[in-house]
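Working notes for the structure below.
The values are calculated or read from the model by the stated rules, or taken from the named source; none is laboratory data. Because the structure is predicted, anything quoted here is derived from the model rather than measured. Positions of Cβ are generated from backbone atoms using ideal geometry, with glycine treated the same way; all protein chains shown enter the neighbour counts. Just the protein is used for accessible areas: all its heavy atoms, side chains included, with ligands, DNA and RNA removed. Shrake-Rupley method; radii C 1.70, N 1.55, O 1.52, S 1.80 Å.
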Amino acid sequence: MNSILTSLAPYLFSFLVILLLLEQISYLKKKKGVPGPAFVFPFLGNAVSLVRHPTKFWDLQSALATSSAGGFSANYVIGRFILFIRDTELSHRVFANVRPDGFLLVGHPFGKKLFGDHNLIYMMGQHHKDLRRRIAPNFTPRALSTYTSLQQIIILRHLIHWEGLASQRKNVPIALRFLARDMNLETSQTVFVGPYLGREARERFKLDYNLFNVGLMTLPVDLPGTAFRNARLGVDRLVKTLAVCAEQSKATMEKGRQEPSCLIDFWMQETMRELADATAAGSPPPEYTSDLEIGSYLFDFLFAAQDASTSSLLWAVTLLDSHPEVLAKVREEVESIWSPESDSLITADQLGRMKYTHAVAREVVRYRAPATMVPHIAAVDFPLTETYTIPKGTIVFPSVFESSFQGFSEPDRFDPDRFSDERQEDRLFKRNFLAFGAGAHLCVGQRYALNHLVLFIAMFATLLDFKRHRTDGCDEIAYIPTICPKDDCMVFLSKRCAQYPNLSLD
């Protein structure tokens, strides 16, 4: 046996060398003259660098893209050729061609393994348009007004909790990252499925979502006990839990005696009408109305809202602290419109009048776009420019973060006034503001997301005094997988208002 293996060893070694050589040739052939590493590690490529030091990895890709006239760069990760796109117009070219003979939106390099094949992220064409039409009633002014009331009550409860933690620790700062994440998770749970998720289910939900978050930042090794497998199973449980919520909401809305109290109610109110019409006509149930389908779409909303929102809240605190003149103007505006002593919720009209605070929120999102890239896969060989064609199967990363620093006046400066009625840079440089995507997959919930950020800024700045605990590199970018301050946003907090408002839905 040993003699056989010994005799075969040279052939096996030669075969392995040939495979490695072919892999390098394939990479270089796809890369052509695009900036990127000249040599990549077999199969893994630069995956270890991407997972261990994501900020450094993407900064290098950005630098390479900037150094070339093309505005994009290349690399190789786990057997896949990848392309990083910095140029705004080229990013729009990708967003505008999400179709079977163009690009497939994947949301995450290994997203299909986590989210499943039938996720809203992967839909396109007429099916995608039909589903977005069904989702639209969830974000009408009436629905958004219902959500803002819930958001304020939850924000207030958590701000009081944060201040209590800070007072116990006295001169020791607290990290806001996980506190903000927990606040946003409760907000998403309450706004999306409201009374249909009990306390015990919420705790299990929180654990499963944490497993999902960890899995997003690991290699896709789908074996028992691995973080990726735990994440995938966690997503399965989350979708099933949300499906039960959809079933219960249908029962509530079918009775027709109760006003919608959360997003799933607004959705199921219209769905039950369609199901009733189909039954009366002797037709099968319309598409996208099964509990499990709706549960998977609700998870899409949760994923889109949760981590991106946490990122924006943390950067809002960081940037307000480093720009006291902006903070002062926010406080002046909010206090001229709403008072904590009124014990009343901020109304939709009052929220609309907070124009400067809205500008601050938009500038936070521009300056620190939470989801920095939107991964796509090239479904065909696609001509990106006159001189370069993206090979089929390439994972393409259009960078919305990089686009935010193109076009705008003094783009490296945090300047909310750029969104004022006078300057209107949001219109002048609309094509560069890609934080909410573009094309067919433009974020349907962007008004909800901005409302949440504005409400948080208004209440945080008015109710609390805060100061960042500044250390070397504390404001550097870390990927979690959305971006946040490297130190998890360490702050000192204290009560600023005379008394906290007593908010309720009554």
Specify the residue that is most open to solvent (accessible area, probe 1.4 Å); the eligible residues are those in segment 394-417 that are in a loop (DSSP other than H, G, I, E, B), touching a residue at least 40 places away in the same chain (Cβ under 8 Å) and touching a Phe, Trp or Tyr at 6+ places or on another chain (Cβ under 7 Å). G407
Just to be sure, is I174 free of Cβ contacts under 8 Å to residues at least 40 places away in the same chain and open to solvent by less than 10 Å² (accessible area, probe 1.4 Å)? no
Take Y297 and decide whether it is open to solvent by less than 70 Å² (accessible area, probe 1.4 Å) and at positive phi. no
So which residues in segment 126-168 are under 28 Å from F466 (Cβ atoms) and under 22 Å from the mean Cα position of the chain (by Cα), if there are any at all? L144, Y147, T148, L150, Q151, Q152, I154, I155, H158
Quick one: which residue in G282, G225, G215 is among the small types (G, A, S) and within 16 Å of K112 (Cα to Cα)? G215
If you scan segment 360-388, which residues turn out to be of a type in the set (V, I, T) and either out of contact with any helix residue (DSSP H, G or I) (no Cβ under 8 Å at 6 or more places or on another chain) or not in a loop (DSSP other than H, G, I, E, B) (or both)? V360, V364, V365, I377, V380, T387
How about segment 187-204: which of its residues are at negative phi, in a helix (DSSP H, G or I) and either among the hydrophobic types (A, V, I, L, M, F, W, C) or open to solvent by less than 40 Å² (accessible area, probe 1.4 Å) (or both)? T187, S188, Q189, T190, V191, F192, V193, Y196, A201
Of all strands (runs of 3 or more DSSP E) completely enclosed by segment 442-504, which ones contain at least 2 residues that are under 26 Å from the mean Cα position of the chain (by Cα) and aromatic (F, W, Y)? none
Among the residues of segment 418-433, what is the count of those that are in contact with a helix residue (DSSP H, G or I) (Cβ under 7 Å, 6 or more places away or on another chain), more than 23 Å from I85 (Cα to Cα) and surrounded by fewer than 17 Cβ atoms within 10 Å (Cβ to Cβ)? 2
Kindly provide the set of residues from segment 52-73 that are among the aromatic types (F, W, Y) and surrounded by 21 or more Cβ atoms within 10 Å (Cβ to Cβ), ordered by number. W58, F72
Given the criteria modelled with pLDDT under 85, open to solvent by 20 Å² or more (accessible area, probe 1.4 Å) and at negative phi, does H127 qualify? yes
Segment 306-326, residues that are open to solvent by 20 Å² or more (accessible area, probe 1.4 Å) and in a helix (DSSP H, G or I): A308, S309, D321, S322, P324, E325
Does segment 106-116 include one or more residues that are open to solvent by 30 Å² or more (accessible area, probe 1.4 Å) and at pLDDT 85 or above? no
Within segment 216-267, tally of residues that are within 25 Å of Y288 (Cα to Cα), aromatic (F, W, Y) and either free of Cβ contacts under 8 Å to residues at least 12 places away in the same chain or touching an Asp or Glu at 6+ places or on another chain (Cβ under 9 Å) (or both): 0
Taking segment 17-51 and the residues there that are farther than 22 Å from I390 by Cβ and open to solvent by 90 Å² or more (accessible area, probe 1.4 Å), the one that is modelled with the lowest pLDDT would be I18
How many residues are surrounded by 20 or more Cβ atoms within 10 Å (Cβ to Cβ) and not hydrophobic (A, V, I, L, M, F, W, C) if we restrict to segment 233-251? 4
For residues that are among the hydroxyl-bearing types (S, T, Y) and surrounded by fewer than 17 Cβ atoms within 10 Å (Cβ to Cβ), scanning just segment 205-227, find the one that is modelled with the lowest pLDDT. T218
How about segment 132-170: which of its residues are open to solvent by less than 40 Å² (accessible area, probe 1.4 Å) and among the basic types (K, R)? R134
Whether any residue in segment 391-408 is modelled with pLDDT of 95 or more and more than 27 Å from the chain's Cα centre (by Cα) is what I want to check. yes
